[in-house]
Amino acid sequence: HLPPAAPVLCNVVDSQSHRPPVNRLRWDLTAEQIESMTVELLDRTKQVYDRVGSQEQGEVSYENTLKALADVEVEYTGTQ
């Protein structure tokens, strides 16, 4: 059984808050857990990129494009 995924620290909207940085490094994971978590993260990231890239020009907005990409970047940079 895998440990629960770490929550995303913040998103673009609340990144202006002045919270101290949180160390999210984990030293207790097995190679299998790291591989599984990596696959899940890659899948979620690919879904966001695919969703953004498949939009019609008239559907594009800040929320479903820039914010979506920035939020997924926060997620994957926070899990390294």
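The values are calculated or read from the model by the stated rules, or taken from the named source; none is laboratory data. This structure is a prediction, so every number in the text was calculated from the model and none was measured. We place every Cβ from the backbone using ideal geometry, glycine too, and count neighbours over all the protein chains shown.
Criterion first (charged (D, E, K, R), at pLDDT 95 or above and either under 15 Å from the mean Cα position of the chain (by Cα) or at negative phi (or both)) does GLU63 satisfy it? For GLU63, the condition - charged (D, E, K, R), at pLDDT 95 or above and either under 15 Å from the mean Cα position of the chain (by Cα) or at negative phi (or both) - is not met.
Scanning the stretch 30-69 for residues that are of a type in the set (A, V, I, L, M) and either surrounded by 14 or more Cβ atoms within 10 Å (Cβ to Cβ) or in contact with a helix residue (DSSP H, G or I) (Cβ under 6 Å, 6 or more places away or on another chain) (or both) returns MET37, LEU41, VAL48, VAL52, ALA68, LEU69. Of the residues making up the stretch 36-80, those that are β-branched (Val, Ile, Thr), part of a loop (DSSP other than H, G, I, E, B) and within 29 Å of LEU25 (Cα to Cα) number 1.
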